[in-house]
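Asks: Dropping a structure here in structure tokens format, bear with me for questions.
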Amino acid sequence: MLLPMLGLLAGCQTTTDVGRPSGRRSIHQEAMAALDQIRARDPSLEPLINSAYAYVIFPEIVTVAVGVGGASGTGEVYQQGQLIGYADLTQASVGAQVGGQKYAELILFRTEQPFLDFRQGSFEFDARASAVAAASGAAAAADYSRGVLVETLPQSGLMVQAALGVQKFQFTPIAATR
């Protein structure tokens, strides 16, 4: 069952080649559009974005699951409002789950330490347990957990799940992509 699942996920991957100028332009346009959509859906998020130590915007994460699940996506990393790099997200999960979906994800880092953990590759979490669905006023009521706030914006698909999983991240500084 694992091999067909991995094949299905590989066919749905949205990873953008940020090593090429066209890939960087594409991910930037998609990231800005997703961020605009999240902001429009939840205006209370704006002050949190402005006061965050850093944030990551994944414009499209694709998740596929049949018992065993996986997800992937590429995003932009900002510190104090400046683009400093890119991030790749991979997710694995296991449990009662079936379906597929696409969503955007915004991760806000309130302070330096969780962001340093993220940059060093030692940051991981189960976003389903920590995420807030983008909706008007949702961010105002949300609370940072371990210095991190996650907001998601469903785009398409349907996923039914009662599963345990983890998201892992790989950070690439902007200088390494040129």
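Asks: How large is ³J(HN,Hα), in whole Hz, for each residue of segment 65-75 in order, when computed from phi with the Karplus curve 6.51 cos²θ - 1.76 cosθ + 1.60 and θ = phi - 60°, using x for Gly and Pro?
Replies: Karplus-based 3J(HN,Hα) across segment 65-75 equals 8, 9, x, 9, x, x, 8, 7, x, 10, x Hz.
Asks: Using a 7 Å offset from the Cα along the Cα-to-Cβ direction at both GLN170 and GLN82, what is the distance between the two label points in nm, to one decimal?
Replies: Going by the 7 Å Cα→Cβ label model, 2.6 nm.
Asks: Same structure, new question: Grab the Cα-Cα distance for GLU46 and VAL160, subtract it from 0.36 nm times how many residues apart they are, and report the gain in nm with one decimal.
Replies: 38.0 nm
Asks: Once you place label points 7 Å from the Cα toward the Cβ at THR177 and SER145, how far apart are they in nm?
Replies: Each label point lies 7 Å from its Cα, and together they span 2.8 nm.
A short reminder: the numbers here are calculations on the coordinates, not readings from a lab. Please read all numbers here as calculations on a predicted model, not as lab measurements. When we count neighbours, we look across all protein chains shown, and the Cβ atoms used for this are built from the backbone with ideal geometry, even at glycine.
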